[in-house]
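Each remark here refers to the structure printed beneath this line.
The values are calculated or read from the model by the stated rules, or taken from the named source; none is laboratory data. All of these numbers come straight from a predicted model, not from anything done at the bench. Counting neighbours? That spans all protein chains shown, and the Cβs are built from the backbone with ideal geometry, glycine included.
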């Protein structure tokens, strides 16, 4: 009897999935403004054109302070995310911090050595880590110009630490990670408070920026992204190291 | 052409998601779950959302599966 019910539930679930797939399909092929996978439309036909209508290559396109907040960064997603919705990211970072504390609470505190890995991974680790750190660093430094940003950059940097853990080398101590995380977190909220004092609202972008598309343009956005990347990478790396608690320097033959 | 590729990827994604549900081996399920995230990030690129695609690839496919595997090894010991 119970078996019949399970099969019925499965059939219902598949029917529901089929309905969802039908709706997703109709949205993707429709020619209205919205999601369009075919992309025969040019960008100018869309609503987003209003936001995308800024030219990075134009030397006269200086963003004037006091204009709209999305004028400051070349990457419009970053402009919206880091000017209007930085509270979102900041609180996400706090959620991550609470998660890391929960890991420390739940996982048993037994000493566990870092496992031995293959010689190949052990020796190639510095090269691998260099490339991964380069990608992560590029992503948060260029966050206001190209796709990317603080959160994914921190995630990529922490995967470099993860490869270090898998290779059996402890590349950074958990004390250093805690210091980095604390400094970054305090700096984010002091900058936010400074904006409150100077301009009257929390997380306001109070630095003036230069040309759109320059390296040093978008005011406070690159600074916030750098701090968020450091904080996220320190937190996530702390999670990996938590699985190998007390991993003293493993001497490899 | 693009819609064909996207459809194939979507079919792969749905098939992988069903596989995650029905496979008895937990390690297989974790790895196929990473495949779901990876295909989702490719679909995000097709929809011109590179920011979301980067986040999905790094967090959904990378960190989530790494944490799942670490936790699974820890539990199975």
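Out of (1) surrounded by fewer than 19 Cβ atoms within 10 Å (Cβ to Cβ); (2) within 14 Å of another protein chain (Cβ to nearest Cβ), what's the single condition that is false for residue A:151?
Checking residue A:151 against (1) surrounded by fewer than 19 Cβ atoms within 10 Å (Cβ to Cβ); (2) within 14 Å of another protein chain (Cβ to nearest Cβ), the one that fails is (1).
Is region B:58-70 home to any residue that is farther than 30 Å from residue A:107 by Cα, modelled with pLDDT under 90 and at the interface with chain A (Cβ under 8 Å from one of its Cβ atoms)? Steps first, answer last, please.
Looking only at region B:58-70, we keep the residues that are farther than 30 Å from residue A:107 by Cα, and these are none.
No, region B:58-70 has no match at all.
Of the conditions (1) surrounded by fewer than 18 Cβ atoms within 10 Å (Cβ to Cβ); (2) within 18 Å of residue A:152 (Cβ to Cβ), residue B:2 fails just one. Which one is it?
Going through (1) surrounded by fewer than 18 Cβ atoms within 10 Å (Cβ to Cβ); (2) within 18 Å of residue A:152 (Cβ to Cβ) one by one, residue B:2 breaks only (2).
Taking region A:139-148, which residues are surrounded by fewer than 24 Cβ atoms within 10 Å (Cβ to Cβ) and at the interface with chain B (Cβ under 9 Å from one of its Cβ atoms)?
The answer is A:146, A:147.
Pairs under 6 Å by beta carbon, first residue surrounded by 12 or more Cβ atoms within 10 Å (Cβ to Cβ) in region A:166-179, partner assigned to a loop (DSSP other than H, G, I, E, B), six or more apart or different chains?
As it stands, the answer is A:167/A:117; A:168/A:114; A:168/A:116; A:168/A:117; A:168/A:250; A:170/A:247, since those pairs meet every condition given.
Which members of region A:97-120 meet the condition of being touching a helix residue (DSSP H, G or I) at 6+ places or on another chain (Cβ under 8 Å) and at pLDDT 85 or above?
Across region A:97-120, the qualifying residue is only A:97.
Quick one: is residue A:78 modelled with pLDDT of 80 or more, within 13 Å of chain B (Cβ to nearest Cβ) and surrounded by 15 or more Cβ atoms within 10 Å (Cβ to Cβ)? Full working, then the answer.
Numbers: modelled with pLDDT of 80 or more: no; within 13 Å of chain B (Cβ to nearest Cβ): yes; surrounded by 15 or more Cβ atoms within 10 Å (Cβ to Cβ): yes.
Here the answer is no, as residue A:78 does not meet what is asked.
Table: residues versus (1) within 10 Å of the chain's Cα centre (by Cα); (2) surrounded by fewer than 16 Cβ atoms within 10 Å (Cβ to Cβ).
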{"position": "B:6", "(1), (2)": "no, no"}
{"position": "B:11", "(1), (2)": "no, yes"}
{"position": "B:23", "(1), (2)": "no, yes"}
{"position": "B:27", "(1), (2)": "no, yes"}
{"position": "B:39", "(1), (2)": "yes, no"}
{"position": "B:44", "(1), (2)": "no, no"}
{"position": "B:48", "(1), (2)": "no, yes"}
{"position": "B:56", "(1), (2)": "yes, no"}
{"position": "B:61", "(1), (2)": "yes, no"}
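Quick check on my filter: what residues within region B:39-55 are at the interface with another protein chain (Cβ under 9 Å from one of its Cβ atoms) and part of a helix (DSSP H, G or I)?
If the condition is that a residue be at the interface with another protein chain (Cβ under 9 Å from one of its Cβ atoms) and part of a helix (DSSP H, G or I), then B:43, B:46, B:50, B:51, B:52, B:53, B:54, B:55 are the ones that fit.
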